[in-house]
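Student: For reference, the structure I am asking about is given below.
Computed from the coordinates by the stated procedures, all read-outs in this text should not be read as laboratory data. Here the structure is a predicted model, which is why all the values come from computation and not from measurement. Every residue, glycine as well, gets a Cβ built from its backbone with ideal geometry; the counts of neighbours run over all protein chains shown.
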Amino acid sequence: MMLYGKMGIGMMELQNAMLAVQDNTTVKELTKVMGDDSVSNEKKTSFLLQYLLDQREPLLRFGQTLLIALIVFVIGRKMVKLLLRFTDRWMERRNVEVSVRKFVMSLAGVIYNVLLIFVVAGILGVGTSSIVAMVGSAGLAIGLALQGSLANLAGGVLILLLKPFQVGDYIITPQSEGTVQSIDIFYTRLTTTDNRVIVIPNGTISNSDITNTTKQDRRLLVLEFSVSYDADVALIRDILLKEMKHRSDILVKEPMRVVVTRLSPVKLRMNAKCWVETSKYWDVYYDMLERIKTLLQEQNISIG
């Protein structure tokens, strides 16, 4: 009832007209006549037509208001799309990070559409104070019901502010790992190496341990292998160091090492360590494993 008490001109006219009809007992008479079998169909039709004629002016006014509101809504939706496009291009020209841009675009879409609803409601005659009161009450109820979603929103803001990762980074979390495709209002989307999409709530990921494997521009490559106890460790070291120093995809100015890491009951555990560009990490990793096998077998060194 409080909402109706704050309605604007369009809704008030229709309401007042209906109240006036009720005061004159027109509605009661119409109901009585239409339900009376003793009244002829011609009289019922005449009575109904007269009732509709009495309401034509308020109905026409409300219909015009409704049509205007519909037109404004359609035009407003197109304007929202244009504003979103303008916002995105504005951020792109200022070299805003992709992760920030996508988050802002999601949030801006919600804000623009809420403003459009306010405008349309105002045209229909719904008072702004009524909308604010309704939105406030609904927001409180929704906030209590969706505490997890609010935590996800806060998590998304923290991710953008602290920047533990951004779009394009490869991250590892306790739940999953993959390349960051987008950071939205409530969720972060990852794509795995086998092209699966993983959606993680921002609240969860912001409270988890995160390993960002692509944050730095270079990365230590560790190649593990085993040889027999009778193998010549010094020879293995010379062979592998020579191989690593002559590769263009390994950072030769950084330290390189070939070391024994463990004495197991039947094998010697060894590591070959070097630094590579992060973008080339996996290519060098797989190629070097093959080269280690080939080079050691050429020297009749058993690998196992």
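Student: Once you have the Cα-Cα distance between residue 263 and residue 129, take 0.36 nm times their residue separation minus that, and quote the gain in nm to one decimal.
Tutor: 40.5 nm
Student: Quick one: what Rg and Dmax do you get for the range 194-304 from the alpha carbons, in Å?
Tutor: 17.5, 55
Student: Between residue 297 and residue 230, what is the spin-label point distance in nm, taking each point 7 Å from the Cα along the Cα→C-beta axis?
Tutor: Going by the 7 Å Cα→Cβ label model, 2.0 nm.
Student: Using 0.36 nm per residue, how much length does the chain from residue 290 to residue 96 gain when fully extended, once their Cα-Cα distance is taken away?
Tutor: That pair, residue 290 and residue 96, stretches by 65.7 nm at full extension.
Student: Moving to a separate point now. Modelling each spin label as a point 7 Å along the Cα-to-Cβ direction, I'd like the residue 117/residue 245 distance in nm, to one decimal.
Tutor: Roughly 6.9 nm, to one decimal.
Student: Right, here's the next one. Please give the length that would be gained between residue 176 and residue 277 if that part of the chain were fully extended, namely 0.36 nm times their separation in residues minus their C-alpha to C-alpha distance (nm, one decimal).
Tutor: Full extension of this stretch gives 34.0 nm more.
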